[in-house]
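Step one of this worksheet: look at the structure below.
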Amino acid sequence: MLRTVRAAVTALTLLLLAACHAAGDGRAPAAAPAPAAGPMSAAAGPERPQDAAACTAAGGDWRRGGLAGLDQCFLAYPDGGTPCTGPADCRGLCLVQGDGPGRCQTTYPLFGCVRFLDAEGNRPGVCID
């Protein structure tokens, strides 16, 4: 379980570093590699509108979120809150609390520390900002 969490945190850190890196010779930065398929690939979520008007038009909620407090579009998953037994049951993550049943992630993006059900039935935790 700890290896799964470490792998997810490492992958997210590398993606963030790749996205922040700019080439010093005036060229545009290289695109970050696509995340590998796995339990945290659902955390990437759908493509989100980048301004308040487009967010509202898409049915989202434009507000501040994350540690940086940036304005962004929060979108609801159509299956949010429904019971789940693993990642195949949800558009987002199958979130759990303790030993309780799983419920599909309600909105994207998701911030904070959460536990989720992976394909093997494990309940790893991850903190997302």
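Quick note: the coordinates plus some simple rules give every number you see, no bench work behind them. Source: prediction; values computed, not measured. For neighbour counting, all protein chains shown are included, and Cβ atoms are generated from backbone atoms with ideal geometry for every residue, glycine included.
Could you pull out every residue, at least 5 positions away or on a different chain, whose amide H is within less than 5 Å of the one on residue 128? Hs are placed 1.01 Å off N in the peptide plane, and Pro or chain starts have none.
Amide H neighbours of residue 128: 112, 113, 114.
Determine, for 48, 103, the number of other Cβ atoms within 10 Å of each Cβ, and report the residues in order from fewest to most.
Ordered by Cβ neighbours within 10 Å, fewest first: 48, 103.
For a protection proxy built on the mean count of beta-carbon atoms within 10 angstrom, sort 49-59, 105-115 highest first, please.
The most tightly packed comes first, giving 105-115, 49-59.
Full extension from residue 127 to residue 48: what is 0.36 nm times the residue separation minus their Cα-Cα distance, to one decimal in nm?
This chain segment gains 26.4 nm when fully extended.
What three numbers, in Å, describe the spread of the alpha carbons of region 38-128 along their principal axes, ordered from the longest?
Here the Cα extents, ordered largest to smallest, are 40, 25, 21 Å.
Under a 5 Å amide H to amide H cut-off, with H placed in plane at 1.01 Å, what residues pair with residue 93 once short-range neighbours are removed?
Hits under the 5 Å cutoff: 105.
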